[in-house]
């Protein structure tokens, strides 16, 4: 018969196998959990570290994409089988289970872990769902002001990085953006003209700019010259209507 040998430092105490996920997990004296492709024995696909004592129990919860592990010091960990991160750690001080581990069983139906020492304990395991990384960020810098244009059903946003963005109100999709609107200075306020076709922005350098915001073209610069420096405006503009 064909034989596949997995060489593991200090040997294997416990393992579990999932045919559905095509993964074999092993744990032993070196406190490291190894994930293997069962057909490739040369090198583990991942190594999960975090336990401070030898691994006593492993279970692959296929429907949840989780690996449950317990070490001999009664520390319980829940791992994500896809990105190999630790989602939850329950230390002995939290679950207060005493004595040497004798047997462990995880129930996928009740989402609970039965732990037997010189007594029986049932732990309901609740772990956080991994956050999805599909959150849309409007600006890289802090948003300082926004305005709705009912004429074109658009939302205009500005940020402290001097970037102006135009968004479709119905779909939320970006339409156009332009940067360096005030030379890198933070935009502090904005408004539209009576027609809704021109955007007026104010800045910390005391300068107002009028824009065709659909193409990013600056139509006019309004500033009160400073007696000390004619090249810059006056005080910070806080609001414009």
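The values are calculated or read from the model by the stated rules, or taken from the named source; none is laboratory data. What you are looking at is a predicted structure, and each value in this text was computed from that prediction instead of being measured. No Cβ is skipped: glycine too gets one built from the backbone with ideal geometry, and neighbour counts run over all protein chains shown.
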Pair list, Cβ under 6 Å, 6 or more apart: the range 79-96 residue more than 14 Å from residue 121 (Cα to Cα), other residue at pLDDT 85 or above and part of a loop (DSSP other than H, G, I, E, B): 81/65; 82/65; 86/50; 91/75
Condition broken by residue 38, with the remaining ones in (1) at pLDDT 90 or above; (2) on the phi < 0 side of the Ramachandran plot; (3) touching a strand residue (DSSP E or B) at 6+ places or on another chain (Cβ under 9 Å) satisfied: (1)
Candidate set: the range 79-112, residues that are over 28 Å from the mean Cα position of the chain (by Cα) and at positive phi; chosen: the one surrounded by the most Cβ atoms within 10 Å (Cβ to Cβ): 99
From 45, 4, residue being farther than 26 Å from residue 103 by Cα and not assigned by TED's automatic domain parsing to the domain that holds residue 102: 4
Extreme residue, farthest from residue 154 (Cα to Cα), among residues of the range 225-236 that are surrounded by 11 or more Cβ atoms within 10 Å (Cβ to Cβ) and at pLDDT 60 or above: 225
Check on residue 76, crowded, with 18+ Cβ neighbours inside 10 Å, over 20 Å from residue 121 (Cβ atoms) and at pLDDT below 95: no
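Within the range 2-28, how many residues are outside any strand (DSSP E or B) and either more than 20 Å from residue 84 (Cα to Cα) or touching a residue at least 12 places away in the same chain (Cβ under 8 Å) (or both)? If you could, list the steps in order and put the result at the bottom.
First pass over the range 2-28, keeping only residues outside any strand (DSSP E or B): 2-13, 19-22, 28.
Still in the running and either more than 20 Å from residue 84 (Cα to Cα) or touching a residue at least 12 places away in the same chain (Cβ under 8 Å) (or both): 2-13, 20-22, 28.
So the answer is 16.
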Cβ-Cβ under 7 Å pairs, at least 6 apart or on other chains, the range 29-46 side in a loop (DSSP other than H, G, I, E, B), far side surrounded by 14 or more Cβ atoms within 10 Å (Cβ to Cβ) and modelled with pLDDT under 90: 41/6
